[in-house]
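The values are calculated or read from the model by the stated rules, or taken from the named source; none is laboratory data. Given the structure is predicted, the values throughout are model-derived calculations rather than measurements. Cβ coordinates were reconstructed from backbone atoms using ideal geometry, including for glycine residues, and neighbour counts include every protein chain displayed.
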Amino acid sequence: MKLALYRHAGVTRLGVPDGDVLVDLTRAGGWLLSSRGVSRAAERAAHLLPPSTVEFLAGGRETRALANEVVDALSRADRRELDREGILAPLDTVEFLPTLLGAERFICVGRNYLEHVKEGGAEVPKYPVLFSRYWPSVVGHRQALVRPRLSEQFDFEAEVCAVIGTDCRYVERVRALDVVGGYTILQEGSIRDWQRRAPTQMAGKNFYHSGSMGPYLVTADEIPDPHNLRITTTLNDQTMQDANSSGMLYDINFLIHYISQFMPLAPGDVIATGTPPGVGMARTPPVWMRAGDTLVIEIESIGRLENPVVDEAAADTEHRNLVKWIDRAVARGALHRNTAARKKSQAARLARRP
């Protein structure tokens, strides 16, 4: 199953793709339970199929079973009825959010492909190199990556993310994949000069909107071997990275085993497994992302993550223009003040303004 976290008509939703639309699982669950005569169907569906990928994974077997029933029922349903119920949203009308937005832990692994270690002139690590990423640094599919005004060294990194599906601690390496709930794609945008300023990498890995995640979480049952996936990155249609996840120094089994020894893991926790060779900093001359670029990452069996690149100043301008448009709409009477306040709040949240 593929799951997308997205916003449509100002509401955050969890959906599954069906052709050129996303199916709102929460509303579809209410529709299905109501058709079965279940009392308080919408409330029951909101509990079992909440609009959150993290909560979906935490829901366990009961949530997954109802989701499967919904998908099966939708295949036989009248499309017009689903439209009337507000269950369907065309893909070109939604705002994709980072797939695991809100997960408690977002752990990244550095220097985890031998050829990437070599191209960077670094030493092969004796143990996994770990650091944290934070959610304000990540956008969703099709959203703009922001090149900061403080640096030109904006680099790309394609990564497979393993997502934890159950509470666990001290996981044995041989059974580590049993605790994985699914996989998604991370574009680990890195600001290289800031990354190298100190012994730790955190600053260069957490610039506002420098990374992206999505568009889908693919459940683990659809990817029996995450260590044999082709990974490609193209920048403006030019191939930059083309490798296989088999090249990891520390595989997903070991990473889960290692990390779970010093902290408990919970549903939705993200482990970004590192990037293969081909990054911009290792090229002669270096290749940095700039405003107007389009970056595409494709990982076999998971999907295609695409993002445009803008300068930080342009992102600020876009926010100001949106606020001006809202004010003009209120002045014309085309937008209610309460709706305007909500839209300004959304714009401020996206721009991280007070």
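Observations on the structure shown:
- Test: residue in region 70-77 that is outside the structural domain of Val179 (by TED's automatic domain parsing), more than 23 Å from Val270 (Cβ to Cβ), touching a helix residue (DSSP H, G or I) at 6+ places or on another chain (Cβ under 9 Å) and exposed (fewer than 12 other Cβ atoms within 10 Å of the Cβ): no
- Cβ separations smaller than 7 Å between residues 6+ apart or across chains give the following pairs from region 88-117 residues that are within 22 Å of Ser52 (Cβ to Cβ) and touching a residue at least 40 places away in the same chain (Cβ under 8 Å) to residues that are among the hydroxyl-bearing types (Ser, Thr, Tyr) and assigned to a loop (DSSP other than H, G, I, E, B): Gly102/Ser52; Phe106/Tyr134.
- Annotation note: Cβ proximity below 8 Å between a residue of region 191-218 that is on the phi > 0 side of the Ramachandran plot and a residue that is surrounded by 23 or more Cβ atoms within 10 Å (Cβ to Cβ) and of a type in the set (Val, Ile, Thr) (sequence gap 6+ or interchain) occurs for His209/Val138; His209/Val139; His209/Val146; Gly214/Thr99; Gly214/Thr184; Gly214/Ile185.
- Subset of region 32-46 (residues that are part of a loop (DSSP other than H, G, I, E, B) and either crowded, with 17+ Cβ neighbours inside 10 Å or at negative phi (or both)): Arg36, Val38, Ser39
- Against the numbered list (1) over 23 Å from Tyr6 (Cα atoms); (2) in a strand (DSSP E or B); (3) of a type in the set (A, V, I, L, M, F, W, C), Val160 comes up short only at (1).
- Answer from Glu318, Glu298 - the residue that is at pLDDT 95 or above and closer than 19 Å to Leu145 by Cα: Glu298
- Contact map, region 1-24: residues that are over 20 Å from Arg79 (Cα atoms) and assigned to a strand (DSSP E or B) paired with residues that are basic (Lys, Arg) and modelled with pLDDT of 95 or more, Cβ distance under 6 Å, separation 6+ or inter-chain. Pairs shown: Tyr6/Arg13.
- Residue selected from region 119-175 under the condition at positive phi and exposed (fewer than 13 other Cβ atoms within 10 Å of the Cβ), by the criterion nearest to the chain's Cα centre (by Cα): Tyr170
- Among (1) small (Gly, Ala, Ser); (2) part of a loop (DSSP other than H, G, I, E, B); (3) closer than 30 Å to Asp167 by Cα; (4) free of Cβ contacts under 8 Å to residues at least 40 places away in the same chain, the one test that Gly292 misses: (3)
- Single residue of region 260-282 satisfying the filter (assigned to a loop (DSSP other than H, G, I, E, B) and among the hydroxyl-bearing types (Ser, Thr, Tyr)) that is surrounded by the most Cβ atoms within 10 Å (Cβ to Cβ): Thr275
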